[in-house]
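Before any comments, here is the structure.
Just so it is clear, none of the values below were taken in a lab; they were calculated from the coordinates. Computed from a predicted model, the values in this text were never measured in an experiment. Here Cβ is always computed from backbone atoms with ideal geometry, including for glycine, and neighbour counts include all displayed protein chains.
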Amino acid sequence: MVRFNVQFSAAFICVRCLGGFTRDFKADLLLSYVQGTDPYLNVEKVNLKKTDIDKVYYTGNHIDLGIGIREAIILSIPIAPLCKKDCAGLCPVCGKNRNKSACKCKVESVGLFTPVTDKKAVRKKVKQRQGGTR
């Protein structure tokens, strides 16, 4: 059994404002290294038990610890990185980064990049588009 405590920094592009930023991470992972071949190696559908998830199989006299370190890093990286929790993103009209300065554009449509300031109004517009109550 090996416990990995990995500390690293990574550079990202924010998915909302497209600004670059770096973030420090600490990742912990406990893996069991088992000598032999992976019984699920050539199986299409596998129902893994909780105890199977943290096993790494190896053959020979050496263990590649890089596998565990890579797993700890990959599992800690966010799928959709944000520069900050409340990132305002880009204006869908003029493209200005709303974290740096406000713009005077009027955004009326409900879409992926529309700011949600009035949740009731947004729900009403979504229902209207879906053919619900008007």
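Panel note: the C-alpha atoms of region 17-59, placed on their principal axes, show extents of 44, 23, 21 Å (largest first). Annotation: extensible slack from Thr37 through Cys105 equals 18.5 nm (criterion: 0.36 nm per residue apart, minus Cα-Cα distance). The chymotrypsin sites (Phe, Trp or Tyr not before Pro) of region 1-89 that DSSP puts in a loop, and whose beta carbon has at most 15 other beta carbons within 10 Å, are Tyr40. Run the numbers for Val56 and Asn5: contour at 0.36 nm per residue of separation, minus the present Cα-Cα distance, in nm. Taking 0.36 nm per residue and subtracting the Cα distance, the gain is 16.7 nm.
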